[in-house]
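Read-outs: derived from the displayed coordinates by stated rules, not from any lab. The model shown is predicted, which means the values in this text are computed figures rather than measured ones. Here the Cβ positions follow ideal geometry from the backbone for every residue, glycine too, while neighbour counts run over all protein chains shown.
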Amino acid sequence: MANGGAGNRFIFPKWSNALLPFLIINALGVPPFILVVAVFALSPRTTDVGYMPTQPVEYSHTLHAGELGIDCRYCHNTVESARFAAIPPTQTCMNCHSAVASKSDPDKLAPVKQSHETGQPIIWRKVHDLPDYAYFSHAAHVNKGVSCVECHDRVDRMDVVYQAETLSMGWCLTCHRDPAPNLRPREEVTNLAWGMNMSRDELIEFRQELKDQYDIDLSPRDKDQNMTGRRDLTSDERREIGEQLIKRYRIKSRPFMESCTTCHR
Ligand code: HEC
Ligand code: HEC
Ligand code: HEC
Ligand code: HEC
Ligand code: HEC
């Protein structure tokens, strides 16, 4: 599976790059342009979902981001300032691993130690890869309250990272047309469990925090009075929060969000 995926991802964009001049010529809004969009929007590529290359080190996000609770930005420290999310250098690992060994199997850290001693970087294999003609920016999303979890799913529960979403144009546009249910306070973007699996008391506290810290109102639900189990925020509640954030963060209007030149520049 992994090899097949890798093949597709590199061959496909080459011929589709040839479409770009066509795209620009037609960018004035003539009918063939609409045809192109219709054809491509209706055929999302799904071949890369689940793509999970084997990495040179058995590094686990479940352990580091989940159990140890290290914030994503400790390692991916450019997500708020740049298009790309930096992959950490060996030195970041050594901040801990010059002192912390693996209890289960010391060999697992051998490639990290070797990289540190030789100065040769660890060659991590890229999981996500958009074609070059599509413009993407982490900072643009993260600073407007779009969490990593909306695009990468629960990385804090992945032993090996895989691609969770298609990253097709149709997928991008679905959110761009209606971002409200996908927004959260920007301070919470790396809290992947935000708004999830809450008991009645935790919900009460959550509402209060929304109000106190972010000045967001969330209407109470009568049903919650007698709630015994746990629940996630509903999509209606996400929308209610999101609508307030759209105003606060001045999220751009739908014409900009759908415009070809927003993502193809
Ligand atoms: C201790 C450092 C560290 C922390 C903390 C960390 N990561 Fe990573 N992350 C890495 C390393 C190293 C890689 C490259 C190896 C791999 O893919 O597993 C990576 C890869 C990734 C990738 C795949 C990148 C690609 O190649 O496309 C994603 C997505 C990702 N991390 C998201 C997250 C999220 C979300 C969090 C917070 C919940 C997080 N990471 C926390 C070190 C870290
Ligand atoms: C904030 C501290 C911290 C940082 C930063 C950190 N680790 Fe770890 N790592 C730990 C701890 C704690 C353990 C668990 C050790 C144990 O008890 O076995 C661990 C375990 C591991 C293991 C062994 C897993 C196992 O199954 O035994 C590997 C491999 C590893 N880390 C790789 C990395 C890599 C690669 C990086 C940099 C991208 C990194 N770590 C960054 C704290 C850290
Ligand atoms: C709106 C969707 C979206 C959000 C939100 C998002 N990512 Fe990504 N991420 C992507 C896409 C798309 C790529 C592939 C980019 C490319 O190939 O140019 C990517 C790639 C990455 C990579 C590989 C390096 C790179 O930039 O290509 C890492 C690491 C990563 N993301 C981590 C994160 C972390 C951590 C967060 C949250 C702080 C996050 N991402 C939020 C969509 C997203
Ligand atoms: C879960 C929702 C979501 C997904 C998925 C998503 N976006 Fe966005 N995108 C947003 C929001 C919200 C903004 C912020 C608009 C603003 O600045 O007001 C944004 C802004 C942008 C911008 C504008 C940056 C600028 O110039 O200000 C680009 C470019 C972009 N997205 C590209 C993409 C691409 C490409 C994909 C798919 C690979 C994607 N987005 C997927 C929600 C999303
Ligand atoms: C929100 C971001 C976004 C917007 C807006 C957008 N695109 Fe795209 N487009 C993408 C991404 C991402 C890809 C790459 C999809 C992939 O790799 O599967 C893409 C791919 C394409 C392709 C290559 C064929 C394909 O599907 O792989 C064409 C042609 C294209 N877009 C035309 C357009 C036109 C015309 C518009 C304006 C109506 C437009 N796009 C608006 C993000 C966007």
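Which number do you get for Rg(Cα) / (2.2 N^0.38 Å) in region 193-257? Show your work: numbers first, answer last.
Values: Rg = 13.5 Å, N = 65, 2.2 N^0.38 = 10.7 Å.
My calculation over the Cα atoms of region 193-257 gives 1.26.
Below 8 Å, C-alpha to C-alpha, sequence gap of six or more: please give me the relative contact order for region 87-174 in percent.
After rounding, I find 21 percent.
Can you give the charge dipole size of region 61-167 about its Cα centre, rounded to the nearest 20 debye, using +1 on the beta carbon of Lys and Arg and -1 on the beta carbon of Asp and Glu?
Magnitude of the dipole: close to 140 debye.
Quick check: convex hull of the Cα atoms in region 131-194, volume per residue, rounded to a whole Å³?
Expressed per residue, the convex hull around the Cα atoms of region 131-194 is 96 Å³.
Which order do PHE256, PHE206 fall in if you start with the one that has the fewest other Cβ atoms within 10 Å?
Working: PHE256 11, PHE206 16.
Least to most surrounded, the residues fall as PHE256, PHE206.
For region 95-223, just run the numbers: alpha carbon Rg, then divide by 2.2 N^0.38 Å, N being how many residues it has. Let's see the in-between values first.
Numbers: Rg = 19.9 Å, N = 129, 2.2 N^0.38 = 13.9 Å.
Normalised Rg, Cα atoms only: 1.43.
Sort 105-117, 236-248 by the packing proxy (mean of other Cβ within 10 Å over each peptide's residues), most packed first.
Peptide ranking by packing, descending: 236-248, 105-117.
With the crude spin-label approximation of a point 7 Å out along Cα→Cβ, what separation in nm comes out for SER253 versus SER199?
My value for the distance between the label points is 4.8 nm.
When the label point is put 7 Å from the Cα of ASP132 along its Cα-to-beta-carbon vector, which residues of region 233-265 have a backbone N closer than 17 Å?
Counting backbone N atoms under 17 Å from the label point, the list is 264-265.
To two decimal places, what compactness ratio does region 61-167 give when its Cα radius of gyration is scaled by 2.2 N^0.38 Å?
Normalised Rg, Cα atoms only: 1.17.
Which order do the peptides 150-157, 91-98 take when ranked by the mean count of other beta-carbon atoms within 10 Å per residue, highest first?
150-157, 91-98
Set the bar at 31 Å for Cα to Cα. Now go through LYS223/LYS247; LYS103/LYS144; LYS108/LYS144 and name every pair that lies beyond it.
Pairs exceeding the cut-off: LYS103/LYS144; LYS108/LYS144.
Mind jotting down the distance between the C-alpha centroids of region 123-150 and region 220-265, whole Å?
Between the Cα centres of region 220-265 and region 123-150 lies a distance of 20 Å.
Could you pull out every residue, at least 5 positions away or on a different chain, whose amide H is within less than 5 Å of the one on MET198? Hs are placed 1.01 Å off N in the peptide plane, and Pro or chain starts have none.
Counting only residues 5 or more places away or on other chains, the set is ARG231, ASP232.
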